[in-house]
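Encoded as structure tokens, the structure appears first; notes follow it.
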Amino acid sequence: MLIRTYSSLWMMAGFVFLIYMGHLYIWAMVVVIQIFMASELFNLLRKANEDRQLPGFRLLNWHFFFTAMLFAYGRFLSRQLVNTVTSDKLLYKLVSGLIKYQMFICYFLYIAGFVWFILTLKKKAYKYQFSQYAWTHMILLMVFAQSSFTVANIYEGMFLLPASLIAINDVAAYFFGFFFGKTPLIKLSPKKTWEGFLGASVTTMLSAFVLANFMGHFQWLTCPRKDLSTGWLHCDPGSIFTPESYDLPGWIPWREVAIMPIQWHALALGLFASIIAPFGGFFASGFKRAFKFKDFGDSIPGHGGFTDRMDCQDLSVETIMEQILRNLTFEEQHDLYEQLGKLLTRGN
């Protein structure tokens, strides 16, 4: 427990430092975690004897990994990337072209990997190779399905709250279970208790309400980032971060209390983190039991691997802009700009 506490403090300190550095560094942290998670998961079902007979087969896993990375981040960060290079016309055209054909490029890379896989098939290793092919795709789903949305959330503002609630729920469940746990919660994970689950739920809900108010006062955490720069942010926080007054009953010393609307949203996030997030841990526990290993890796002292820590639309202006940048040439974007200018002038 002491080792786990020390490593947790180091991780928290590092995370706070990255938050201070900015959105780009948080994104880089997510990418590094994804690489570590993929490496741990790729190695789980690896058989050294089989791999020695299949030179280059392990490289194919990473080909699919970086193809998935290009697909996920090309979709979520295209607007920020274009906004970063607007000052250079040539670079802007190049980046706009890459974004426009990003789906085709990703599809071509995936098909190339598929053909590569077929060409590497060897007699007496078919079963192992096909199981590894399926395992690779499951890894990509597990690693990118949630973390790519995390990166999108980073650049939309208020990125810290959901991640914080998951961490708080995990830590609170551990401590409540450690000190008060007596009643088993689920057979799949005997160490999980009802006391830990309920204690963590209450702690997470209270933390969500308080943290939302605290974070709502910092534009660094609430303003959306429109490009990949790391400068300071300034924006209109909007009504969701503007406190509203609520009258209190007469028997309470205070007559009114100011609450941000985001705090009510935070309660919903806290409820989700309390009820749904633990099932990610249950899934991981069942998976480890099925293949008879304790942890996914040993990268973090006292915690296991990175995977062990990570287990637990309406159309908007941004969406329309993304579609414009993705599908229109530079000349077509210029024509659209002129047409919109004429419409706005006529409207005034």
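The values are calculated or read from the model by the stated rules, or taken from the named source; none is laboratory data. It should be emphasised that the depicted structure is a prediction, and the values quoted were computed from it without experimental measurement. Quick reminder, even Gly has a Cβ in these numbers, built from the backbone with ideal geometry, and neighbours come from all protein chains shown. Note: areas computed on protein heavy atoms with side chains; ligands, DNA, RNA excluded. Shrake-Rupley method; radii C 1.70, N 1.55, O 1.52, S 1.80 Å.
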Relative to the present Cα-Cα distance, how much length would full extension add between GLU156 and SER239 at 0.36 nm per residue of separation? 28.3 nm
Simple spin-label estimate for LYS292/LYS191, 7 Å along Cα→Cβ, in nm, reads 2.0
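Need the full-extension length gain, MET138 to TRP232, defined as separation in residues times 0.36 nm minus the C-alpha distance. One decimal, nm.
Working: separation 94, 0.36 × 94 = 33.84 nm, distance 3.85 nm.
Result for the pair: 30.0 nm of gain on full extension.
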Taking the simple approach of a point 7 Å from Cα along Cα-to-Cβ for both VAL210 and LEU340, what is their distance in nm? 4.4
Can you compute the modelled spin-label distance between VAL115 and PHE279, with each label point 7 Å from Cα toward Cβ, in nm? 4.2
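Between HIS265 and LEU91, what FRET efficiency comes out of the Förster formula 1/(1 + (r/R0)^6) with R0 = 45 Å and r the beta carbon distance, rounded to 0.05?
Details: r = 38 Å, r/R0 = 0.85.
Given R0 = 45 Å and the Cβ-Cβ separation, E is 0.70.
Carbon and sulfur atoms: what percent of the 1.4 Å accessible area of segment 90-231 do they account for? Each step should come with its number before you reach the end.
Values: 6040 of 7980 Å².
Carbon and sulfur: 76 percent of the exposed surface of segment 90-231.
Find the lysine pairs in segment 1-156 meeting two conditions, Cα atoms under 19 Å apart and a separation of 8 or more places or different chains, and report how many there are. Could the numbers behind the result be given before it?
Details: LYS47/LYS122; LYS47/LYS123; LYS47/LYS124; LYS47/LYS127; LYS89/LYS100.
Eligible lysine pairs with Cα atoms under 19 Å apart amount to 5.
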Normalised by the number of residues in segment 126-277, what is the relative contact order in percent for Cα pairs under 8 Å and 6+ residues apart? 24
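Could you provide, to the nearest whole Å², the per residue accessible area of segment 1-156 with probe 1.4 Å? Don't skip to the answer; put the middle values down first.
Numbers: 8940 Å² over 156 residues.
With all protein chains present, segment 1-156 gives 57 Å² per residue.
Contour minus end-to-end for MET29 and HIS217, with contour as 0.36 nm per residue of separation and end-to-end as the Cα-Cα distance?
Result: 65.2 nm gained on full extension.
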Report, largest value first, the span of the C-alpha coordinates of segment 204-286 along each principal axis, in whole Å. 52, 40, 15
